[in-house]
1. When the distances between all Cα atoms of chain B are binned every 10 Å from zero, what whole-number percent does each bin get?
2. Kindly express, to the nearest 10 degrees and within the range 0 to 90, the angle between helix A:152-165's C-alpha long axis and the longest C-alpha principal axis of chain A.
3. Along the charge dipole of chain B, which of B:Leu431, B:Ala216, B:Leu201 sits closest to the positive end, that is, farthest toward it, with unit charges on the beta carbon of Lys, Arg, Asp and Glu (+1, +1, -1, -1)?
4. For chain B, build the charge dipole from Cβ charges (+1 Lys, Arg; -1 Asp, Glu) around the Cα centre, then report which of B:Val404, B:Leu417, B:Thr294 sits farthest towards its positive end.
5. Where does the longest stretch of chain B lie that holds no chymotrypsin sites (Phe, Trp or Tyr not before Pro) found in a DSSP loop with 13 or fewer other Cβ atoms within 10 Å?
6. What aspartates and glutamates does A:Lys142 reach when the alpha-carbon gap must be under 12 Å and sequence neighbours fewer than 8 apart in one chain are set aside?
7. Under the Kirkwood approximation applied to all pairs of distinct alpha-carbon atoms, what is the hydrodynamic radius of region B:312-380 in Å?
8. Indicate the gyration tensor shape class of region B:105-263 (rounded, prolate or oblate), computed on the Cα atoms with a ≥ b ≥ c the square roots of the eigenvalues: a/c under 1.5 is rounded; otherwise a/b larger than b/c is prolate and the rest oblate.
Amino acid sequence: MSSNPNTGTPLVELKDISIAFGGVKAVDHVSIDLYPGEVVGLLGHNGAGKSTLIKCLSGAYQKDAGEIVINGEHAEIRNTRDARRYNVETIYQTLALADNLDAASNLFLGRELVTPLGFVDEPAMEAETRKIMGRLNPNFQKFKVPVSALSGGQRQSVAIARAVYFNAKILIMDEPTAALGPHETQMVAELIEELKAQGLGIFLIEHDIHNVMRLCDRAMVMKNGQKVGTVNVNEVTDEDILGMIIMGKKPPQAY
Amino acid sequence: MSDQADNTHLETGQSGKSLFAQLELDMRLMGMVGAFIAIALAFNFFTDGRFITPRNTFNLTVQTVSVAIMATGMVFVIVTRHIDLSVGAVLAIASAMGAMMQARWLPQAIGLEYGNPMIAPLAIVTCLAVGTAIGAFNGWLIGYQGIPAFIVTLGGLLIWRYVGWYVTDGQTIAPLDSKFLVLGGAEGTLGVGLSWAVGALAAAGAIYALYVARKAKKNHGFPTKPLWAEFAVGGTIVAVILGYVATLNAYDIPRGKLRRLFEARGEVLPDGYTEAYGLPISVIVLIVVAIAMTMVAKKTRLGKYIFATGGNPDAAELSGINTKLLTVKIFALMGFLCGLSAVIASARLASHANDIGTLDELRVIAAAVIGGTALSGGIGTIHGAILGALIMQSLQSGMAMVGVDAPLQNIVVGSVLVFAVWIDIQYRKKLGIKV
């Protein structure tokens, strides 16, 4: 039996979270924590409840029971605005971009920069967007066109920029590489390493077991809304993790 | 990677552009302007030069105002993937309440004498308040109760006109207050001098706006278009504004009407005296609405949220935008504009009749759609909708002047609507624009 290698105050603790839709218990008394500078993978079949669990943290869903603790203090997250106040940023699987708007408008959506007169300051927003994109994806040049005209990787970098720009402390990434080619996947992997080094905590929902082994420090596996177990990724093999996902079999190293 | 290719493409962009491309014009808008000019020239030919005259220009714009004002609001409604079928009916109830206020309630119940200076403002506020309240109520039903906009406003189409019928007992309400009539068009114009002043102010404003936009781009080191292109665009805008003012200043008030005006003042009309109409106040109201709505669309958070919600409602919601409240705001704004149109339409007709604004919902939707508003949401412009309204009204008045049968007029207008949207779809396909 192994245990959580981290010490100190966790960035986030999700304690005993439950949420049901109609009669279906989508998440059933699940707990997980996240420390600064670590990547925790959330694994499981489609419908296992990992996206639902994480949406309680991002404010898209309301938990029925349980508690969210951020930096050791009780946190009330009723909507996405609340989550953002706690520096929780989410990169959704669908990216949640407004396709008809340009990169800057998407990056600042809901948090526009305004001039002293209260009007949206487009030039300032574009300048800031150019700055952050220069850091994340220096090849990115399409600032004037709607994001519908961008490639998958470019759209992904807009979505990532949106999360990173606003000083996220807790980052939720829902299958960030699902729609990407190998080169772009590599780009996202490097970015995750960089953000980790900056002390962010990252929840990573991921299906690709190789990405899990490569990117995650710990992994929590869910099945049918319940937690199978948590493992330290360096103590287990990918076979062990697959066994947890498919059979719900808890290896001895799990806790 | 694909990024690389885009880079080189962008860098060669500036110098390799054709002269026309350097103007950075909205091609879609240019197409509509072209269509409008073609329509005007064609009707001018078939009416032996009666279409493009000061008199018809005056009438055409005055007739367009009410639909155009509502069309600007309809842009926001359609951009957020809703529809409002009740605008004609809301106009009718707002007009009914405003007319009852000035012709019945204020004089008879409150005891304000006819001609009291408070009557017109109170009537206007009544129209605006009624429109806004109904619009907000529609928005609440749609946003918070989840009833589709189509159903809510289809119900409203049947409800509000007939609520107005009960308010007025089905009677035509007249006479309306003389100050109120000033907003209708021919009864309220600026005259030559003031019209030139307003025209000059508008031209200066347009130039200033271009200058500020260019300066903002320069400050952030963004590419700007060449100076000659700025001058070409600015010059065209100024020419159109001043040309329009000059045209209306060339439309003389008929002698009979002048004589009555003089008699009302207790004077006699001197021989050979002429006076021109100039800009109608209702057109100035439309221009103010157009500028305000364009500012809302482009420069405010509200506008950003409207377009974001239209492009991807889920993304807007996840970005922390309160899309329910946004729906209420959009429909309240639509209702406010219906109230404003009610003032102008009833003032133009100098009375309220129960059939005021009948079929306006279809004209307004058609104007917005011809103007490039996509029913799939997320795309639309205010100036496009106004131009769309102008094209619709030109077709209708032009055909009436040529003597086309009323049934055929409807067939043509309907066909133009479908054809315009088809052209739009082809255009977007060609440019590879999704949506």
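Values in this text are rule-based calculations from the coordinates and carry no lab data. It should be emphasised that the depicted structure is a prediction, and the values quoted were computed from it without experimental measurement. Note that each Cβ is placed from the backbone with ideal geometry, even for glycine, and that neighbours are counted across all protein chains shown.
1. 4, 18, 28, 27, 15, 5, 1, 0, 0
2. Computed tilt is about 90 degrees.
3. Positive-most Cα among the choices belongs to B:Ala216.
4. Farthest towards the positive pole: B:Thr294.
5. B:274-435
6. Here the aspartates and glutamates satisfying the reach criterion relative to A:Lys142 are A:Asp102, A:Glu126, B:Asp3, B:Asp6, B:Glu11.
7. Taking every pair of different Cα atoms in region B:312-380, averaging 1/r and inverting gives 14.5 Å.
8. Since a/c reaches 1.5 but b/c is at least a/b, the shape of region B:105-263 is classed as oblate.
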